[in-house]
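**Student:** Would you mind keeping the following structure in view while I ask a few things?
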Amino acid sequence: MERIDGRSPQALRRVQITPNFVGTAFGSCLMETGGTRVIATASVEKGVPAFLRGKGQGWLTAEYAMLPASTGRRKQRDGLKKDSRGVEISRLIGRSLRQAVDLRRLGEHTVTIDCDVLEADGGTRTAAITGGFVALALAVDQMIQQGMLKESPINHQVAAVSCGVVEGKAILDLNYSEDSHAEADMNFVLNEAGDLVEIQGTGEGKAFPVAQLQKMLRLSGIGIRQLMECQLEALGKKACVVMQPQTLVLASSNAHKIRELSQLLGSRFQILSMGDAGFEGEVEETGGTYAENAALKAEAVRDATGYMALGDDSGLEVAALHGAPGLRSARYAGQHGDDDANNKLLLKNLEGEADRAARFVTVLALASPFGPTRYFEGICVGSIAREPLGEGGFGYDPVFLYENDLTFAQMGEVAKNQVSHRARALGKLKEALG
């Protein structure tokens, strides 16, 4: 088939996104695709709906409407009774854009995306989602500039496009003429990885084969990659708020521990030490448990920097010593952090003991600016060697024998970081964060 405007089946209509189209909005744009023109604005209010109060997270919602002259034939404005099509599309836009945001990092703010169709020539709902994302990103940038947020909660890029089957052929980005006599009509919402956020579709008058759906899905991927390039181009320097790694401050001044935690966390976060984040001094560990000490450090750093902070407290527990050194592991011999003295005292206290069973325990405390502190425990079981073995590691690593009959100091960083108490606690943390 030959398309009315001469496009190939996989071609988008001309796309133009004009950012900051409405000067009074937190974020806005004019989204144009072919003859379709949509104004998207993002408004921000302090507070959340009743069902979210006290949960330490934000909310994003959307409203969609077509202006009376948007179709060439006057459309009556919404009154007390909302246009059911508009309500359905509003919900679609809200669901789609919520997939772009970590609502926990938004804090107790409500972002409303308003999408008003100036002219409709097909694909208004997909244009609203694509333009709505740009308005959202601009609003988040404004929230950061005004001190409402410390960093961006946008963890995905989202865009949408229509596909359909016309005269038996799968085509991308239908205009009104094509849409009005399509045999199948689909809307695809995808993220930057090409993963599906939502699909809407129907066979117009008859069913259509799965093979056609697969063709339309491939076309949607082609179109959405181009639309995402247009989004980033429109945002310019402000595109930095899109998928910005979350900052995590490690509440420790122990260089060995910071290095180990950084390696275990990988690239998921932008890792900062306390010093890099501007936190000076030490936090006194006055708690009676590992969890209490970890929380004292994490919460003090969070409160001082405004960033999410990770504190940990670890200890070596030896069965024959009734759980000692335990909470006093770092200062077992008296001076904090004197690894050599601690190991010597431990071996001396175990002289003549047949039972060498021991375990490392770590509790991680993750303190967020927007929610309660969460805890993750990791335990690694082993025994105490008769003498220090190995050149690597730190702390009690030279005397802690793992089940492979090697001390942590002999195993090396890579092998140790697969089985250690911190690795196990961090595995639980990563799983909880999703």
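Read-outs throughout are calculated quantities, based only on the coordinates presented, and are distinct from any laboratory measurement. What you see is a predicted model; the values in this text were computed from it and never measured. Cβ coordinates were reconstructed from backbone atoms using ideal geometry, including for glycine residues, and neighbour counts include every protein chain displayed.
**Student:** Can you tell me the dipole magnitude for the chain around its Cα centre, using point charges on the Cβ only (Lys, Arg +1; Asp, Glu -1), in Debye to the nearest 20?
**Tutor:** So the dipole magnitude of the chain works out to roughly 1300 debye.
**Student:** Could you list the GluC sites (Glu not before Pro) in region 243-336 that lie in coil according to DSSP, counting only those with at most 10 other Cβ atoms within 10 Å of their Cβ? Kindly include the intermediate steps, with their values, before the conclusion.
**Tutor:** Working: sites: Glu260, Glu280, Glu282, Glu284, Glu285, Glu292, Glu299, Glu317; in loops: Glu280, Glu282, Glu284, Glu285.
Answer by residue number: Glu280, Glu284.
**Student:** Report, to the nearest 10°, how far helix 84-98 tilts away from the longest principal axis of the Cα atoms in the chain, using its own Cα long axis and a range of 0 to 90°.
**Tutor:** So the helix axis and the longest Cα principal axis differ by about 30 degrees.
**Student:** Just to confirm my numbers, what's the Cα centroid distance between region 387-434 and region 203-262 in Å?
**Tutor:** Cα centroid of region 387-434 versus Cα centroid of region 203-262: 34 Å apart.
**Student:** Per-residue counts of other Cβ atoms within 10 Å, averaged by peptide: what ranking do you get for 156-168, 318-330, highest first?
**Tutor:** Details: 156-168: 23.1, 318-330: 17.0.
The peptides rank, most packed first, as 156-168, 318-330.
**Student:** Ok, one more. Counting other beta carbons within 10 Å of each Cβ, put Ile39, Ile4, Ile379, Ile224 in order, fewest first.
**Tutor:** Ile4, Ile379, Ile39, Ile224
**Student:** Would you list Glu431, Glu413 from fewest to most Cβ contacts within 10 Å? Before the final figure, lay out each step's value.
**Tutor:** On the way: Glu431 9, Glu413 15.
Ranked by crowding around the Cβ, least crowded first: Glu431, Glu413.
**Student:** Now for a different question. So what's the angle, to the nearest 10 degrees on a 0 to 90 scale, between helix 339-349 and the longest Cα principal axis of the chain?
**Tutor:** Helix 339-349 and the main axis of the chain meet at about 50 degrees.
**Student:** While we're looking at this one, here's another question. So for Ile129, Ile93, fewest C-beta neighbours within 10 Å to most, what's the order?
**Tutor:** On the way: Ile129 32, Ile93 27.
Taking fewest neighbouring Cβ atoms as first place, the list is Ile93, Ile129.
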